[in-house]
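J.: Before I ask anything, let me first share the structure, which is written out below as structure tokens.
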Amino acid sequence: MLNGSFTGVLIEAGVDEAGRGCLAGPVFAAAVILPPDYVNHELNDSKQLSARKRDLLRQRIEQDAITWAVGVVPPETIDEINILNASILAMHNAVLKLKQVPELLLVDGNRFKPIVHIRHQCIIKGDAIFMSIAAASIMAKTSRDEYMCHIGKDFPRYHWESNKGYPSRKHRDAIYNYGPCIHHRKSFRLYEQLKLEL
């Protein structure tokens, strides 16, 4: 079972992102404040859960969380400021949308830029350690997957309903055959893998 709290006394928000390694689409982030002493034995790193399980847990988190929010940074901004800065910006956007101001941010990973007046703690693989980060991981992942399936209806050749913008073989092949579209991250090496394989 994951840990419920880092400090045991502060109002903590778990923070995580989804979509850093994608070739297309925005990067999403979520921030979640769970009730004190909250327990959910099913919470885990979103990557360890099936899509169906993530969707069910998303509904639970929406019901049970004190507050939660999602931040989004589009591909053109990713191209301008790079994916690391865009991921941190998405996290900031999510935190600043929360209806309650947290006293401590538990951030998945090892890189973050401080938000004024809010302490933070970076935790490597935190989504497999703390429930609030796992909840944020699920909210970011499900929100992004839903968005990619939505825009994928207008761009079916890239198969985003299955790959969600990640560099699958079908996605790479479609970029090679048809070129990138408005949702692709132009600063990413869209053709690199195919060149190596040809």
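The values are calculated or read from the model by the stated rules, or taken from the named source; none is laboratory data. Bear in mind the structure is a predicted one, so any value in this text is a computation, not a measurement. Cβ coordinates were reconstructed from backbone atoms using ideal geometry, including for glycine residues, and neighbour counts include every protein chain displayed. Accessible surface areas use protein heavy atoms only, side chains included; no ligands, DNA or RNA. Shrake-Rupley method; radii C 1.70, N 1.55, O 1.52, S 1.80 Å.
Rundown of residues vs (1) open to solvent by 70 Å² or more (accessible area, probe 1.4 Å); (2) of a type outside the set (S, T, N, Q); (3) under 17 Å from the mean Cα position of the chain (by Cα), yes/no style:
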position	(1), (2), (3)
46	no, no, yes
70	no, yes, yes
82	yes, no, yes
85	no, no, yes
92	no, yes, yes
95	no, yes, yes
105	no, yes, yes
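J.: Can I ask one more? Being among the acidic types (Asp, Glu), assigned to a strand (DSSP E or B) and open to solvent by 60 Å² or more (accessible area, probe 1.4 Å) is the filter here; which residues of the stretch 107-164 pass it?
T.: Within the stretch 107-164, no residue meets the criteria.
The rows are residues; the columns are (1) at pLDDT 95 or above; (2) among the basic types (Lys, Arg); (3) in contact with a helix residue (DSSP H, G or I) (Cβ under 8 Å, 6 or more places away or on another chain).
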position	(1), (2), (3)
24	yes, no, yes
43	no, no, yes
55	yes, no, yes
68	yes, no, yes
71	yes, no, yes
83	yes, no, no
88	yes, no, no
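J.: Determine whether the stretch 63-86 contains at least one residue that is charged (D, E, K, R) and within 11 Å of residue 136 (Cβ to Cβ). Working first, answer last.
T.: Taking the stretch 63-86 as the starting set, the residues that turn out to be charged (D, E, K, R) are 64, 76, 79-80.
Then keep just the ones that are within 11 Å of residue 136 (Cβ to Cβ); that gives none.
Looking through the stretch 63-86, none of the residues is charged (D, E, K, R) and within 11 Å of residue 136 (Cβ to Cβ).
J.: Is it true that some residue in the stretch 71-87 is over 25 Å from residue 23 (Cα atoms) and among the aliphatic types (A, V, I, L, M)? Walk me through it before giving the result.
T.: Going residue by residue through the stretch 71-87, those that are over 25 Å from residue 23 (Cα atoms) are none.
No; the residues of the stretch 71-87 include none that is over 25 Å from residue 23 (Cα atoms) and among the aliphatic types (A, V, I, L, M).
J.: Please give the number of the condition residue 187 fails out of (1) among the hydroxyl-bearing types (Ser, Thr, Tyr); (2) crowded, with 17+ Cβ neighbours inside 10 Å; (3) in contact with an Asp or Glu (Cβ under 6 Å, 6 or more places away or on another chain).
T.: Every condition holds for residue 187 apart from (2).
J.: Okay, next question. Cβ-Cβ below 8 Å, separation at least six or inter-chain, first residue in the stretch 148-172 and over 13 Å from residue 184 (Cβ atoms), second outside any helix (DSSP H, G or I) and hydroxyl-bearing (Ser, Thr, Tyr): which pairs?
T.: Partner pairs satisfying both residue conditions: 159/168; 162/168.
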